[in-house]
Structures are given as structure tokens and as C-alpha cells.
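Scroll down for the structure; my scribbles are underneath it.
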Amino acid sequence: MTKPRILTGDTPTGRLHLGHWVGSVERRVALQDQYDCYFLLANMHAFTTRFDKPQEIRQDTIEIVKDWLAAGIDPQKSTIVLQTEVPAIAELTWFFAMLLSFNDVMGNPTLVHELETKGLKDSYSFGFPMYTVGQCADILAFRPELVPVGEDQAPHIEMCRKAARKFNQLYCGVSNRADDHEHVKLGGVFPVPKALIGRVGRLPGAGDGKQKMSKSLGNAIFLSDGAKEVQKKINKITTGRQSPTEPGDPENVLFKFVEAFITDQARVAELKDRYARGDNIGDGHIKAELAEAINRLLEPMRARRAEFETPGGDDRIIEIIKAGVKRANVVAEETLYLAKRAMGLDFGRRVLA
Ligand code: ATP
Ligand code: MG
């Protein structure tokens with residue numbers, strides 16, 4: 001019996017934050033036993049915005065693996081995929097670039113939003129929009145059923161589903177009336193994978209809550225932050241409320257965090273009720289309780305991370321990456337072969353050293 005596959009990942013543009021945890025990483029840890037999991041380091045995609053900072057990308061790649069291990073991802077069970085060492089991904093990107101239209105890519109709402117919020121509007125590289133096509137290849141190279149991601153990724157997964165359907169219809173004879181779940185059974189190379197949106201699809205940043213928490217926007221609480229840093233950042237959440245007796249909105253940015261991180265549901269309900277009535281409960285009090293809950297979650301992660309923050313720690317991470325790459329290439333090369341065969345490009349099957 002083979003387990004169904006999962007693929008998801010992160011771009012090494014910085015360390016992992018609480019948004020990653022509630023949006024995706026928590027699910028990854030929970031599903032490791034039931035699924036054959038592939039977790040991808042999108043280091044090629046980090047170059048789309050940081051091509052001038054290769055050293056930072058290299059270090060962030062290592063730091064993200066530390067974050068994964070700290071969060072509870074087990075490299076014995078799950079496969080770590082380094083994008084730049086899996087050539088099939090780059091090749092599949094070209095094929096999918098032909099199946100998606102220019103407007104599919106440039107009209108992708110997440111891409112449009114990123115150009116806006118990341119200040120890229122007039123200066124982005126030719127390669128930047130390509131990452132959305134590349135992401136179709138990242139996913140489909142592993143022919144997964146599920147892709148656990150945050151809400152902002154939904155348009156990307158939709159594009160990926162479109163590419164999979166189109167490939168199967170064009171090159172594998174799958175009818176365009178076939179249901180998504182039937183594509184492989186009907187001879188399609190690619191399953192039409194489903195997004196699995198996290199427990200919290202969009203955690204706001206620690207600030208006014210207008211933007212999502214993002215490592216590129218300077219509003220993130222990192223899984224590797226110390227206890228004091230966490231409290232300091234939580235204190236930056238602004239609600240505009242003036243006093244403990246002013247009735248507050250229990251759906252505001254502060255309460256998005258309360259709901260995400262205070263696990264005692266009865267306590268959450270009590271806080272909401274008192275807040276809404278302005279029953280002598282200050283934002284400061286809630287922030288202290290919140291930071292305590294977050295620190296309880298992060299403490300075991302800090303301890304596991306510390307094991308790799310010793311001399312030789314980075315080298316051990318690199319060995320873990322190399323072992324993952326070997327396993328990843330077995331699957332991705334097979335996918336590429338199947339795709340090329342379907343396209344009439346089977347002029348010899350290569351074997352990677
Ligand atoms: P960048 O700013 O460089 O785009 P990011 O913080 O958005 O970084 P990604 O590497 O793009 O992080 O995202 C990795 C995964 O984490 C994706 O599945 C994404 O949907 C999810 N994610 C990122 N930020 C959040 C958030 N604030 N809330 C929920 N999920 C999130
Ligand atoms: Mg992002």
C-alpha cells in the first residue's frame with residue numbers, strides 16, 4: 001500500500017513565522033504519518049526578488065530547515081526537497097509555461113497583490129511572475145493529492161490544477177468532461193491536487209493587521225524569536241482602543257491572535273465577552289496572556305532548534321538536505337519521464353548520478 005502524497009513548502013526569504021505555523025506547518029507535522037510528504041525549499045524562487053543576495057538565500061535555506069526540524073518535521077519520515085537540485089522541476093516549468101496563458105499568470109490575484117505590497121510594481125524581474133508557473137511544476141513533479149497552504153496560495157493552486165487538467169487532456173487523452181478526481185484513473189500523468197487551507201488561513205501581521213504576517217513585510221513573529229522578543233512584537237499590535245472600560249471589537253486583529261494561539265476555548269469565550277462589554281480588561285492584559293500562550297507553543301521548538309545552533313550544526317543540516325534531494329529526484333525524474341513520454345519526447349530516459 002502506498003500512501004497518498006503531499007507537497008508543500010516555503011521560500012527562503014527569511015525564517016519561518018507564526019503565520020507559517022497556523023497556515024501550513026502545523027498540518028505538515030500532523031500529517032507526516034498518514035501521507036508520503038515532500039517539503040520543498042523554493043530557493044530558486046527566492047532569487048526572483050533577491051537575486052543580488054545569494055549568501056542570504058543560502059543561509060535562509062539552512063535556517064528554514066532548522067525551523068522545520070524545530071517545529072517537528074522528521075526528515076526520516078518526510079522528504080526535504082531543495083528546488084535547485086531537482087532539475088525535473090525546471091524542465092516541467094517550461095512545459096507548463098506553454099499550457100498557461102500570459103493573462104493567467106499576470107492576472108493571478110496573489111501575484112498582483114505581491115507586486116503591490118512588496119513594492120515591486122515598476123522594478124520586478126522577468127523571472128518574478130515565472131515563479132507562479134514554477135510553483136505548478138514544484139507541486140506536479142511530485143504528483144500529490146494534497147497541498148497544505150495558507151489562503152494566499154489558493155490562486156496558485158488553482159493555476160496548478162488548471163495546468164494538470166490541460167496537460168492530461170492534451171497529451172493523455174483524458175476527456176475534458178472528466179471529474180478532477182478521475183484524471184489519473186483515466187490515464188492522466190498528473191492528479192488534480194487539492195489545496196488544504198490551514199486552521200488559520202491568513203494570520204495578520206503584528207501591527208494594525210491590514211497585511212498578512214509575512215517575512216518580507218517586517219511584521220512577523222518568528223518561530224525562533226526569544227520570549228522577550230515575542231512579547232515586544234505582540235505589544236505592537238494596535239487596536240485603537242483607549243481604555244479597559246471601552247467596549248472593544250472581539251473580531252479585531254488582537255483577537256485573531258487570541259483565537260489562533262490561546263488553546264483554552266472557555267478562556268477565549270470569556271475574554272471576548274468581557275472585551276465586548278468593556279468589563280475592565282485592557283489590551284495590555286490580553287497581550288501578556290497571549291504572549292505567554294505563544295511562548296508555551298514555541299518553547300519546545302526553541303529547545304529543538306538549539307541542537308543545531310552549535311558548531312557543525314549547519315553542516316548537519318546540509319547533509320539532511322542532500323539525503324532529501326536523492327529521494328526527491330527519484331520521484332521527480334519518474335514524473336518527468338512520464339510527462340515527456342506523453343508528449344512524444346521519449347528519446348531516451350536519463351539517469352541522474
Ligand atoms: P514572502 O513574504 O517571502 O512571500 P511569506 O511569509 O508569504 O514570505 P511563503 O514562503 O510565501 O511565506 O509562504 C509559505 C507558506 O506559508 C504558504 O503556504 C503560505 O500560504 C503560508 N503563509 C504565509 N504567510 C501566512 C499567513 N500570514 N497566514 C497563514 N499562512 C501563511
Ligand atoms: Mg509569500
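What to note about this one:
- Förster-model FRET efficiency, 41 Å R0, Q242 and F126, C-beta, rounded to 0.05: 0.25
- A Cβ-based charge dipole, computed about the Cα centre of segment 227-306 with Lys and Arg at +1 and Asp and Glu at -1, lands at about 520 debye.
- 5 angstrom amide H check on G201, placed H, neighbours 5+ away: none
- Sorted largest first, extent of segment 227-306 alpha carbons per principal axis (Å): 43, 25, 17
- Under the Karplus curve 6.51 cos²θ - 1.76 cosθ + 1.60, θ = phi - 60°, whole-Hz ³J(HN,Hα) for segment 177-182, x wherever Gly or Pro sits: 9, 5, 6, 3, 6, 9
- Violating pairs (Cα-Cα greater than 25 angstrom) within the set K121/K287; K3/K322; K194/K322; K66/K326; K118/K326; K194/K272: K121/K287; K194/K322; K118/K326; K194/K272
- In Hz, Karplus ³J(HN,Hα) per residue of segment 73-85 (6.51, -1.76, 1.60; θ = phi - 60°; x = Gly, Pro): 6, 10, x, 6, 8, 10, 9, 8, 10, 9, 3, 6, 9
- Between 0 and 90°, nearest 10: helix 265-277 axis offset from the chain longest Cα axis: 60 degrees
- Value of relative contact order over the chain, rounded to a whole percent, pairs C-alpha under 8 Å and six or more apart: 22 percent
- The packing ranking, built from the mean of other Cβ atoms within 10 Å per residue, places the peptides 18-25, 222-229, 266-273 in the order 18-25, 222-229, 266-273, highest first.
- The simple Förster model, with R0 at 35 Å and r as the Cβ-Cβ distance, assigns R304 and M343 a FRET efficiency of 0.20.
- Taking one quarter of the surface of the C-alpha convex hull of the chain gives a mean projected area of 19.9 nm².
- FRET E, pair E182, M98, Förster distance 25 Å, beta-carbon r, rounded to 0.05: 0.55
- For the chain, with all protein chains in place and a probe radius of 1.4 Å, 54% of the accessible heavy-atom surface sits on carbon or sulfur.
- Counted residue by residue at 0.36 nm each, then reduced by the alpha carbon distance between them, the extension gain from F51 to R327 reaches 96.6 nm.
- Residue-normalised accessible area of segment 80-225, given per residue in Å² at a 1.4 Å probe: 45 Å²
- The long axis of helix 283-306 is offset from the longest Cα principal axis of the chain by roughly 40 degrees.
- Between A266, A227, A293, the Cα set farthest toward the positive side of the dipole of segment 227-306 (charges on each charged residue's Cβ, about the Cα centre) is that of A227.
- Model label points for K77 and H285, set 7 angstrom from Cα along the Cα-to-Cβ axis, are 4.0 nm apart.
- Charge dipole (Cα centre; +1 on Lys/Arg Cβ, -1 on Asp/Glu Cβ; no other charges) of the chain amounts to roughly 520 debye.
- A protection proxy built from the mean count of other Cβ atoms within 10 Å ranks the segments 131-140, 254-263, 202-211, 61-70, most packed first, as 131-140, 61-70, 254-263, 202-211.
The values are calculated or read from the model by the stated rules, or taken from the named source; none is laboratory data. Predicted model only: the values in this text are computed from it and were never measured. Virtual Cβ from ideal backbone geometry, glycine too; neighbours counted across all protein chains shown. Just so you know, the surface numbers come from the protein's heavy atoms only, side chains and all, with ligands and any DNA or RNA stripped out. Shrake-Rupley method; radii C 1.70, N 1.55, O 1.52, S 1.80 Å.
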